[in-house]
1. For G46, only one of the following conditions fails: (1) of a type outside the set (S, T, N, Q); (2) in a loop (DSSP other than H, G, I, E, B); (3) over 18 Å from E31 (Cα atoms); (4) more than 16 Å from the ligand (Cβ to nearest atom). What is its number?
2. Return the residues of region 246-269 that are hydrophobic (A, V, I, L, M, F, W, C), touching a residue at least 60 places away in the same chain (Cβ under 8 Å) and crowded, with 18+ Cβ neighbours inside 10 Å; say none if nothing qualifies.
3. Of (1) among the small types (G, A, S); (2) in contact with a Phe, Trp or Tyr (Cβ under 9 Å, 6 or more places away or on another chain); (3) surrounded by fewer than 22 Cβ atoms within 10 Å (Cβ to Cβ), A189 satisfies all except one. Which?
4. Taking region 55-94 only, how many residues are of a type outside the set (G, A, S), within 14 Å of the ligand (Cβ to nearest atom) and crowded, with 20+ Cβ neighbours inside 10 Å?
5. Out of all the residues in region 101-157, which are assigned to a loop (DSSP other than H, G, I, E, B) and within 16 Å of the ligand (Cβ to nearest atom)?
6. Check D246, D203, D262, D250 and return the single one that is more than 25 Å from L129 (Cβ to Cβ), touching a helix residue (DSSP H, G or I) at 6+ places or on another chain (Cβ under 7 Å) and among the acidic types (D, E).
7. Quick one: how many residues across region 214-232 are surrounded by fewer than 16 Cβ atoms within 10 Å (Cβ to Cβ) and farther than 17 Å from P249 by Cβ?
Amino acid sequence: MAAAANSHALTFRQDYFSDPAAWAALVALLEDTFGIDVSIQDRFGGPDPTSMPFGYFDANGVCAANFSAFSMPMMIDGRLVKVAGFQSGAVRPQWRGRGLYRDLMNRAFGWCDEQGFELGLLLTDKPALYEPYGFTILPQQKFVGAPPLETRLAGIARALSLGNAADIALIRRALGERTPVSSVFAVTAQAEMFLLNGVFDPDIRLTYLEQFDVVVAWKSDEASFQLLDIAGKTIPPLSAILSALDQRPDHVEVCFPSDRLDWPDTPATFESDISLMVRGSAAGLSGPVMLSPMAEF
Ligand SMILES: CC(C)(COP(=O)(O)OP(=O)(O)OC[C@H]1O[C@@H](n2cnc3c(N)ncnc32)[C@H](O)[C@@H]1OP(=O)(O)O)[C@@H](O)C(=O)NCCC(=O)NCCS
C-alpha cells in the first residue's frame with residue numbers, strides 16, 4: 001500500500017510530532033475533517049507525548065491522511081492493563097478510496113502489537129471499518145439511581161477554570177497522582193484528553209474539593225446530576241461529593257463504573273452514535289463498563 005500511496009506523490013511519516021509544521025498540518029486535517037481544533041493542546045503543553053502518529057504528506061507539507069496510536073494504561077477488573085488508544089483517523093476527500101487508511105491502520109495496529117499492548121480501544125461512528133481488524137463493539141452502560149443520603153460536610157469547593165494556569169497545574173497534579181476512578185474500567189493516567197474534553201464541552205464543570213484534595217468533573221441540570229470523573233489520590237463516596245458540591249438532585253448518573261463510590265446504582269443503557277470498540281483479549285470486560293467522558297478521545 002505504501003508503494004501505491006507514494007506513486008501519488010505522498011510521503012509516509014511516522015512519529016512526526018517533533019516537527020511543528022507537521023503537527024500544524026495534522027491540526028489542519030482534523031479541523032477540516034471533524035471541525036475540532038486540537039491545537040488547543042498547545043496551551044496545555046502539546047499533544048500526548050506517548051502519541052505515535054502515522055501519516056501521509058504531500059509535497060507542500062499538507063497532511064493527506066493520518067491515524068495515531070497512544071498509550072492509555074487502564075485499570076480493568078483490578079488489573080493494570082497496557083492499552084493503546086487509536087485516534088485522529090482521517091483522510092482528505094481527494095485522497096479517499098485508495099487504501100491510504102487501510103495502510104495506516106495496518107501500520108498502527110502492527111506497531112502496537114510489536115510494542116506489546118494488550119488491548120486496543122477506539123471510539124467511532126463507523127464500527128464496520130474496524131471489524132476486519134479484530135475490533136468488536138464494547139457496549140457501554142451508565143450507572144443511575146437516586147442520590148445517597150446527604151452527608152453534612154464542611155469544606156471548600158472551588159470552581160476551576162481551564163483559562164487559569166494555576167488551576168491547570170492543580171488539575172495536572174491531581175491527574176498525575178490519581179487513583180483510577182474505578183477498579184473495573186478506568187484510565188490510570190492521562191492528562192491530555194481530560195484537559196481537552198474540559199475545553200471542548202463548556203457544560204463540564206471542574207471543581208476542586210479541598211477536604212479531599214480531588215478534582216471533580218460534573219454536569220447538572222434542574223433534576224439530574226452527572227458525575228463524569230474524579231481525579232485525586234482518594235475517591236470520596238458519592239454522598240460526600242454531592243454534599244461538598246451542595247447538590248441535591250432527584251437523580252444521579254455516573255459515567256464510569258461506580259464501584260468506588262459507595263452507592264447502590266443500577267446500570268442503564270448508554271445511548272450514543274459513537275461506539276467504543278476493543279481489540280485484543282476482552283476477558284475481564286464482562287461487567288457493565290463506561291469510559292469516562294473525560295477520557296474520550
Ligand atoms: C473513513 C476514512 C478514514 C477512510 O479513508 P480511506 O483512505 O478512503 O479508506 P481506504 O481506502 O483505506 O479503505 C479502507 C477500508 O475501509 C473501508 N471503508 C472506507 N470507508 C468506510 C466507511 N465509511 N465505513 C465502513 N468501511 C469503510 C473500505 O471499503 C476499505 O475496505 P477494504 O480494506 O476491505 O477494501 C475517510 O473516509 C475519512 O477520513 N472519513 C471522514 C473521517 C472519519 O470518519 N474518520 C474515521 C473516524 S473513526
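Bear in mind that the values in this text are calculations on the coordinates, not laboratory data. Just so it is clear, the structure is predicted and the values come from calculations on it, not from any experiment. Note: ideal-geometry Cβ built from the backbone for every residue, glycine included; neighbour counts use all protein chains shown.
1. All conditions are met except number (3).
2. V252, V254, C255, F256, W263
3. Exception for A189: condition (2).
4. The total comes to 7.
5. D125, K126, G134, F135, L138
6. Unique residue meeting the criteria: D262.
7. 0
Per-residue answers, yes or no, for (1) assigned to a strand (DSSP E or B); (2) touching a Ser or Thr at 6+ places or on another chain (Cβ under 8 Å); (3) not polar (S, T, N, Q):
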position: A9; (1), (2), (3): no, no, yes
position: Y16; (1), (2), (3): no, no, yes
position: T33; (1), (2), (3): no, no, no
position: Q87; (1), (2), (3): yes, yes, no
position: Q94; (1), (2), (3): no, no, no
